[in-house]
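The structure appears right after this line, and notes come after that.
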Amino acid sequence: MPELPEVETIRRHLAPHVEGRVLERLEVLDERWCRPLTPRQLADATDGRRVERLSRRGKYLVFELSDEVFLLVHLRMTGTLLLGPGARPAHARVLFTLDDGHELVFVDPRRFGTGELALGAEARDAFLAARLGVEPLGDAFTTTHLRALARGVRAPIKGFLLDQKRIAGVGNIYADEALFRARIHPLRPAGKLKPAQLDALRAAVVVSLEAGIAAKGATIDDFRDPYGVQGSFQDQFLVHTRAGEPCPNCGTHIVKIRAAGRGTYYCPKCQPAPRVRRARAPQAAAARPVSSPARSARTSSW
DNA sequence: CGCCCTGTTGGGGA
DNA sequence: ATCCCCAACAGGGC
């Protein structure tokens with residue numbers, strides 16, 4: 001999972017293994033991973049350089065190599081970084097060979113993951129600044145900051161939370177979890193939330209992310225396992241992927257809709273709808289399950 | 001077996 | 001400013 005907790009967990013567990021090691025060889029098996037660069041160009045820029053630091057910004061893992069060469073890795077939907085050596089997993093896309101005999105394998109069945117190169121801290125910062133907003137687990141993510149971000153925004157809060165350019169690192173699961181904790185309906189216009197609601201949401205985002213990090217940190221303790229660890233992480237979800245199940249607060253059935261193009265789960269009682277919505281078509285007045293074939297009921301018209 | 005839908009993300013076009 | 005579509009693939013339902 002490329003959401004912040006996963007990336008954060010990988011960073012924490014992986015950093016001690018890779019920092020200070022020399023990256024002897026970067027072998028890109030799927031050229032799509034580093035486009036528009038060729039695997040050759042990427043390897044020329046990275047091979048033989050030391051990994052000074054492994055850090056994170058939003059959902060990007062940042063490998064800082066010597067001479068201010070930065071490799072920016074994004075896991076997207078299905079990417080994983082495994083520490084070997086071990087049996088070669090299916091869907092291995094990139095091999096990092098380290099000078100101590102370890103190797104990192106980037107595994108990605110769906111091939112959405114990316115690796116980008118930035119030469120110099122300035123280029124790195126420009127790349128990240130163009131894509132990412134405030135770090136939700138940093139000091140800058142204050143109630144004042146969130147209120148300022150939301151001011152005047154008419155789009156639904158769900159999409160607002162998913163916009164990495166506003167808040168960096170909140171993914172689909174954690175957006176749902178945070179909205180549930182803050183008791184806010186996912187389709188409420190961000191700019192119409194009361195200050196107290198935004199304050200609650202700010203806290204809920206932090207709690208949700210930290211809960212995910214704690215759960216994953218507890219299940220993954222050995223990155224030498226080339227197949228990773230199958231934890232029961234999703235058991236802790238409060239509402240996400242729990243359509244039809246009882247709300248942990250009130251027992252009402254969790255509902256699934258589509259918001260910002262993503263499956264969105266919420267409790268219709270704990271997270272009351274903003275208002276009676278204007279229907280574009282007579283039968284499109286209420287939030288309907290996404291399983292309905294009537295795709296014309298888009299959230300954008302609400 | 002095949003078809004259709006879904007999905008932990010983000011960029012580009014509309 | 002905002003939203004839909006798409007990238008590429010696996011897995012499940014029918």
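Each value in this text was obtained by applying a stated rule to the coordinates, not by laboratory testing. Because the structure is predicted, anything quoted here is derived from the model rather than measured. Reconstructed Cβ throughout: ideal geometry from the backbone, glycine too, with neighbour counts over all protein chains shown.
The residues of region A:157-181 that are of a type outside the set (A, V, I, L, M, F, W, C), in a helix (DSSP H, G or I) and either more than 16 Å from DNA strand C (Cβ to nearest atom) or in contact with a Leu (Cβ under 9 Å, 6 or more places away or on another chain) (or both), listed by number, are A:Lys158, A:Asn172, A:Tyr174, A:Asp176, A:Glu177, A:Arg181.
So that you can scan it fast, the table gives a plain yes or no per residue for (1) farther than 22 Å from A:Arg12 by Cα; (2) in contact with a Cys (Cβ under 8 Å, 6 or more places away or on another chain); (3) hydroxyl-bearing (Ser, Thr, Tyr):
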| residue | (1), (2), (3) |
| --- | --- |
| A:Ser66 | no, no, yes |
| A:Phe70 | no, no, no |
| A:His74 | no, no, no |
| A:His91 | yes, no, no |
| A:Thr97 | no, no, yes |
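For region A:5-22, a residue qualifies if it is part of a loop (DSSP other than H, G, I, E, B) and surrounded by 15 or more Cβ atoms within 10 Å (Cβ to Cβ), and the qualifying residues are A:Glu19, A:Arg21.
Every residue, every condition in (1) touching a residue at least 24 places away in the same chain (Cβ under 8 Å); (2) surrounded by fewer than 22 Cβ atoms within 10 Å (Cβ to Cβ); (3) over 26 Å from A:Gln236 (Cα atoms); (4) not small (Gly, Ala, Ser), yes or no:
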site: A:Glu24; (1), (2), (3), (4): yes, yes, yes, yes
site: A:Pro36; (1), (2), (3), (4): no, yes, yes, yes
site: A:Glu52; (1), (2), (3), (4): yes, yes, yes, yes
site: A:Ser66; (1), (2), (3), (4): no, yes, yes, no
site: A:Gly79; (1), (2), (3), (4): yes, no, no, no
site: A:Ala90; (1), (2), (3), (4): no, yes, yes, no
site: A:Pro109; (1), (2), (3), (4): yes, yes, no, yes
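Collect the residues in region A:72-82 that are under 21 Å from A:Val134 (Cα atoms) and touching a helix residue (DSSP H, G or I) at 6+ places or on another chain (Cβ under 7 Å), keeping them in residue-number order.
A:Leu72, A:Leu75
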